[in-house]
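**Q** Submitted below is the structure of interest, expressed as structure tokens.
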Amino acid sequence: MSLVDRAEALQAEAQALYRALDLGTAFPWEPVLIGSALSGLLVDRDLDVMFDAPDANAATILNGLITLDHRVPLRAVDFRDERADRRPAPALTDERFYAVLHTETWKIDLTFWLHVVPRPHVAEALRLRDCTPGQRLTILRLKHECSDVDSSVIYRAVLAD
């Protein structure tokens, strides 16, 4: 199977998983698909979703995760409170709750942003979706062959041409 065919097959799987999770009914915030599942540049079974959730708390999110386990059998869940000095970046607006879920075959990243500010995730994925067929193939090849390199580095390098 070619890398493009594999990406398309993974895209279809990602859409089916996203529908099965029905995140909009598990949590009281609107889910937003981001990352490779939105851009169509999947090489791994990795689904990324974010929420603007300024009123989020651990209890609400954990209850939602229980709901998800009834919809899609989860093998592992890593839940993190990344507020205050635990946030992933220096900006106060980067405070979040973060959950990484694993099914038998998929990794699902859920980010619950506690500050509603413009974020580049959706625009970036949509921009990547519009890359040329040659750029798409190059990105897929590099992501496949260089799995230890951050995808954003690959995107910048390929799209800079």
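The values are calculated or read from the model by the stated rules, or taken from the named source; none is laboratory data. Just so it is clear, the structure is predicted and the values come from calculations on it, not from any experiment. Please note: Cβ atoms are built from the backbone with ideal geometry, for glycine as well, and neighbour counts cover all protein chains shown.
**Q** Given the condition more than 30 Å from Gln135 (Cα to Cα) and among the aromatic types (Phe, Trp, Tyr), answer yes or no: does some residue in segment 22-29 qualify? If you could, list the steps in order and put the result at the bottom.
**A** Of segment 22-29, the ones more than 30 Å from Gln135 (Cα to Cα) are 22-29.
The next check asks that each one be among the aromatic types (Phe, Trp, Tyr); those that pass are 27, 29.
Checked against the condition, which is being more than 30 Å from Gln135 (Cα to Cα) and among the aromatic types (Phe, Trp, Tyr), segment 22-29 yields at least one hit.
**Q** While we're on this one: Could you tell me whether Arg80 is charged (D, E, K, R) and modelled with pLDDT under 95? Walk me through it before giving the result.
**A** On the way: charged (D, E, K, R): yes; modelled with pLDDT under 95: no.
When the stated conditions are applied, Arg80 does not pass them.
**Q** Scan segment 72-84 and give yes if some residue there is closer than 30 Å to Gln135 by Cα, surrounded by fewer than 17 Cβ atoms within 10 Å (Cβ to Cβ) and either without any contact (Cβ under 8 Å) to a residue 40 or more places away in the chain or out of contact with any strand residue (DSSP E or B) (no Cβ under 6 Å at 6 or more places or on another chain) (or both), otherwise no.
**A** Of segment 72-84, the ones closer than 30 Å to Gln135 by Cα are none.
No, there is no match, as no residue in segment 72-84 is closer than 30 Å to Gln135 by Cα, surrounded by fewer than 17 Cβ atoms within 10 Å (Cβ to Cβ) and either without any contact (Cβ under 8 Å) to a residue 40 or more places away in the chain or out of contact with any strand residue (DSSP E or B) (no Cβ under 6 Å at 6 or more places or on another chain) (or both).
**Q** Scan segment 117-161 for residues that are surrounded by fewer than 17 Cβ atoms within 10 Å (Cβ to Cβ), part of a helix (DSSP H, G or I) and hydrophobic (A, V, I, L, M, F, W, C) and jot them down.
**A** Val122, Ala123, Leu126, Leu137, Val153, Ala157, Leu159
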